[in-house]
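Undergrad: Below are the structure tokens for one structure; questions will follow.
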Amino acid sequence: MNVLGSTRVIGVFGHPISHSLSPVMQNAAIRALNIDYVYVPFHVMPEDLAKAVEGIRALQIAGVNVTIPHKERIIDYLDEVSEYSREIGSVNTVINLNGVLKGDTTDGPGFIRSAETAWGDLGGCRTVILGAGGSAKAVAFALARIGCKIVVANRTYKRAVELVESLTAAFGNKGFEAVELEREELAGRLENADLLVNTTSVGMFPDVDGIPLPPDLLHPKLMVYDLVYNPVRTRLVDEAQSRGARAMTGLGMLVHQGALSLKMWTNLDPPIDVMEQAVIEHFEKATPSF
Ligand code: NAP
């Protein structure tokens, strides 16, 4: 990578940041596109967020991704925020338009794009979401926007109720439901579901034997999307496929959300396969158990 005086800087704000996969896949895309950009990790402490955002303007950084713990609070420091980001109260991409900072979110659209690339149109699908954290909200709102009916099941039931309340406030009473993350509750809902999305961290490295629901509830008509991407094959995906269901892990969402961000900054279509391969190669080197 050749960093020159003309090179435009993009990057990611987070705390911690050293584990981020974004520099790996974004710089791979930048090399493949042969454009004069570099993607840099910025370790931004929570108390320094306002100054860091001011730095985007002062240093004429073209844009940044935003990750934990800044996705919600950064909204206060931006000039404009997309409707979808406003709805979910979270921003993962900042675009610097000549000093005007615009916030948007590519997590939900990245999820939809990767799932629809594999499985076709998801409009109106009956969905069960496991989990009610930040990624559940991004996915739930993206699915609600395309008319999906959504059941949210979470270990902490109260958070599932809160997510359903915010869906209902945004989209009206369209059959959103909160349930406990328990066998009896899930069994009936899954029987009539098309799509199951795991947004809990269960099954993530090093807990690779973890599974967020009893596997015998999985059935061949389900599409199963596990947001966990490390490992790139999770136990949930294995169990789903062994029962004849279509299933995938979160690598596709990771890459598509990154590609959508890069497109916002450069107006170019990033090479999805190159970005995906860069992440896989990084895991092969970094994770002994991979
Ligand atoms: P988060 O906001 O912290 O939410 C975590 C969720 O997991 C909560 O609903 C939590 O339930 C649940 N949970 C945690 N441990 C559990 C357990 N032992 N049993 C049952 N439920 C449990 O995290 P997040 O940002 O949404 O991320 C969640 C997962 O998605 C992570 O694995 C992350 O790597 C992955 N992710 C992937 C992508 C991608 O691009 N593929 C993007 C974002 C996130 P409680 O409410 O009860 O605590």
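Undergrad: With respect to Asn92, is the statement that it is surrounded by 17 or more Cβ atoms within 10 Å (Cβ to Cβ) and among the polar types (S, T, N, Q) true?
TA: Numbers: surrounded by 17 or more Cβ atoms within 10 Å (Cβ to Cβ): yes; among the polar types (S, T, N, Q): yes.
Here the answer is yes, as Asn92 does meet what is asked.
Undergrad: Any idea which of Leu254, Leu236, Leu213 is in a helix (DSSP H, G or I), closer than 15 Å to Ala193 by Cβ and within 16 Å of the ligand (Cβ to nearest atom)?
TA: On the way: Leu254 fails: closer than 15 Å to Ala193 by Cβ; Leu213 fails: in a helix (DSSP H, G or I).
That would be Leu236, the only listed residue that is in a helix (DSSP H, G or I), closer than 15 Å to Ala193 by Cβ and within 16 Å of the ligand (Cβ to nearest atom).
Undergrad: Could you tell me whether the range 151-159 includes any residue that is away from the ligand (no atom under 12 Å from the Cβ) and either among the acidic types (Asp, Glu) or over 21 Å from Thr106 (Cα atoms) (or both)? Walk me through how you get there before you give the answer.
TA: Filtering the range 151-159 down to residues away from the ligand (no atom under 12 Å from the Cβ) leaves 151.
Still in the running and either among the acidic types (Asp, Glu) or over 21 Å from Thr106 (Cα atoms) (or both): 151.
So far as the range 151-159 goes, yes, one or more of its residues are away from the ligand (no atom under 12 Å from the Cβ) and either among the acidic types (Asp, Glu) or over 21 Å from Thr106 (Cα atoms) (or both).
Undergrad: Let me ask you something else. Of everything in the range 239-251 that's in a loop (DSSP other than H, G, I, E, B) and small (Gly, Ala, Ser), which residue is farthest from the ligand (Cβ to nearest atom)? Talk me through it step by step, then tell me what you get.
TA: Of the residues in the range 239-251, the ones in a loop (DSSP other than H, G, I, E, B) are 243-245, 249-250.
Going one step further and asking which of them are small (Gly, Ala, Ser), we end up with 244-245, 250.
Details: Gly244: 24, Ala245: 19, Gly250: 3 Å.
Within the range 239-251, the match that is farthest from the ligand (Cβ to nearest atom) is Gly244.
Undergrad: Which ones in the range 32-51 are in a helix (DSSP H, G or I) and closer than 15 Å to Asn92 by Cβ? Lay out the reasoning, then the answer.
TA: Within the range 32-51, the first condition is being in a helix (DSSP H, G or I), and the residues that meet it are 32-33, 46-51.
Hit for the range 32-51 is Leu49, nothing else.
Undergrad: Please count how many residues of the range 2-22 are exposed (fewer than 11 other Cβ atoms within 10 Å of the Cβ) and either modelled with pLDDT of 95 or more or under 23 Å from the mean Cα position of the chain (by Cα) (or both). I'd like the intermediate steps shown before the answer.
TA: Quick first cut of the range 2-22, residues exposed (fewer than 11 other Cβ atoms within 10 Å of the Cβ) only: 2, 4-6, 18-19.
If we keep only those that are either modelled with pLDDT of 95 or more or under 23 Å from the mean Cα position of the chain (by Cα) (or both) as well, we get 4-6, 18-19.
Counting residues in the range 2-22 that are exposed (fewer than 11 other Cβ atoms within 10 Å of the Cβ) and either modelled with pLDDT of 95 or more or under 23 Å from the mean Cα position of the chain (by Cα) (or both) gives 5.
Undergrad: Follow-up. Could you check how many residues of the range 173-188 are assigned to a helix (DSSP H, G or I) and either within 15 Å of the ligand (Cβ to nearest atom) or crowded, with 18+ Cβ neighbours inside 10 Å (or both)?
TA: Here is the first cut: in the range 173-188, the ones assigned to a helix (DSSP H, G or I) are 183-188.
Of the ones still in play, those that are also either within 15 Å of the ligand (Cβ to nearest atom) or crowded, with 18+ Cβ neighbours inside 10 Å (or both) are 183, 185-186.
Of the residues in that region, 3 qualify.
Undergrad: Is it fair to say Leu167 is more than 12 Å from the ligand (Cβ to nearest atom) and under 21 Å from the mean Cα position of the chain (by Cα)?
TA: Values: more than 12 Å from the ligand (Cβ to nearest atom): yes; under 21 Å from the mean Cα position of the chain (by Cα): yes.
In short, yes.
Undergrad: Tell me, which strands (runs of 3 or more DSSP E) lie completely within the range 70-172 with 3 or more residues that are in contact with a Gly (Cβ under 8 Å, 6 or more places away or on another chain) and at negative phi?
TA: Values: elements: 93-97, 100-104, 126-130, 149-154.
So the answer is 93-97, 149-154.
Undergrad: Just to be sure I understand the filter: pairs with C-beta atoms under 7 Å, separated by 6 or more residues or on different chains, first member in the range 122-150 and more than 16 Å from Asp226 (Cβ to Cβ) and modelled with pLDDT of 95 or more, second member among the polar types (S, T, N, Q) and away from the ligand (no atom under 12 Å from the Cβ). Which pairs pass?
TA: Arg126/Asn192; Cys148/Thr127; Lys149/Thr127; Ile150/Thr127
Undergrad: State all residues of the range 216-230 that are within 16 Å of the ligand (Cβ to nearest atom), of a type outside the set (S, T, N, Q) and either assigned to a strand (DSSP E or B) or surrounded by 20 or more Cβ atoms within 10 Å (Cβ to Cβ) (or both); if no residue qualifies, say none.
TA: So in the range 216-230, the residues within 16 Å of the ligand (Cβ to nearest atom) come out as 217, 223-230.
Pick out the ones that are also of a type outside the set (S, T, N, Q) and you get 217, 223-229.
Result: Met223, Val224, Tyr225, Asp226, Leu227, Val228, Tyr229.
Undergrad: Right, here's the next one. Output the residues belonging to the range 190-210 that are outside any loop (DSSP other than H, G, I, E, B) and within 12 Å of the ligand (Cβ to nearest atom). Step through it out loud before you land on a result.
TA: Keep residues of the range 190-210 that are outside any loop (DSSP other than H, G, I, E, B), which gives 190-191, 195-198.
Val197, Asn198, listed by residue number.
Undergrad: Next question, about the same structure. Consider His19 carefully, then state whether it is without any contact (Cβ under 8 Å) to a residue 12 or more places away in the chain and not small (Gly, Ala, Ser). Before the answer, list the steps.
TA: On the way: without any contact (Cβ under 8 Å) to a residue 12 or more places away in the chain: yes; not small (Gly, Ala, Ser): yes.
Yes.
Here is a yes/no grid of residues against (1) of a type in the set (Lys, Arg); (2) within 16 Å of the ligand (Cβ to nearest atom):
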position: His15; (1), (2): no, yes
position: Val38; (1), (2): no, no
position: Ala50; (1), (2): no, no
position: Thr67; (1), (2): no, yes
position: Val100; (1), (2): no, no
position: Arg113; (1), (2): yes, yes
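Undergrad: Need pairs with beta-carbon distance below 7 Å; first residue in contact (Cβ under 8 Å) with a residue 12 or more places away in the chain and within 11 Å of Ala144 (Cβ to Cβ) and within the range 159-179, second in a helix (DSSP H, G or I) and not hydrophobic (A, V, I, L, M, F, W, C); sequence gap 6+ or separate chains.
TA: Leu163/Lys137; Ala170/Glu87; Phe176/Thr168
The values are calculated or read from the model by the stated rules, or taken from the named source; none is laboratory data. Remember, it's a predicted structure, so these values are computed and weren't measured experimentally. Every residue, glycine among them, receives a Cβ derived from its backbone with ideal geometry; neighbour counts consider all protein chains shown.
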